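Just so you know, all these numbers are worked out from the coordinates, no wet-lab data involved. Just so we're clear, the structure is a prediction, and the values are computed from it rather than from any experiment. Reconstructed Cβ throughout: ideal geometry from the backbone, glycine too, with neighbour counts over all protein chains shown.
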Amino acid sequence: MDEEAWMSARIAEFEREISESSSSLMRSKERISELEQRVSYMEKELRSVKDTAAANEHCLGAVVLLSLILIFFRASRMTAFV
């Protein structure tokens, strides 16, 4: 094989490798975009869950407080009759 044919074959091989690399890069960028969207969605979900948990904790605190008030109220009524 002469040098010109060898160089043409090498150039064709490099062009094929560049094309494959370019396609792989595009797929990787698309995957990154999908993962970034998923992360964004998960962050929003996490914020929502945290807000719900905080609200539930607040409600639970109110229930505990009311339960204690009721216990003390009942205890004070029982001691009034003794």
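To the nearest 10 degrees, how steep is helix 3-81 against the longest Cα principal axis of the chain, on a 0 to 90 scale? Once rounded, the angle reads 0 degrees. Each part gets one Cα centre, and for the range 47-80 versus the range 1-27 those centres are 73 Å apart. Across q = 0.12 Å⁻¹, the range 1-68 modelled as identical point scatterers on its alpha-carbon atoms has Debye log10 I(q)/I(0) values of -0.62, in the order of the q list. Entry note, the chain: the mean residue ellipticity at 222 nm calculated from DSSP H runs of n ≥ 4, each adding -39500 (n - 2.57), is -37000 deg cm²/dmol after division by the residues and rounding to the nearest 500. For the options E30, E57, E13, a Gaussian network treatment of the chain with springs between C-alpha atoms closer than 10 Å singles out E13 as fluctuating the most.
The residues packed around S22, meaning those with a beta-carbon under 14 Å from its beta-carbon, carry a net charge of -1 if Lys and Arg are +1 and Asp and Glu are -1.
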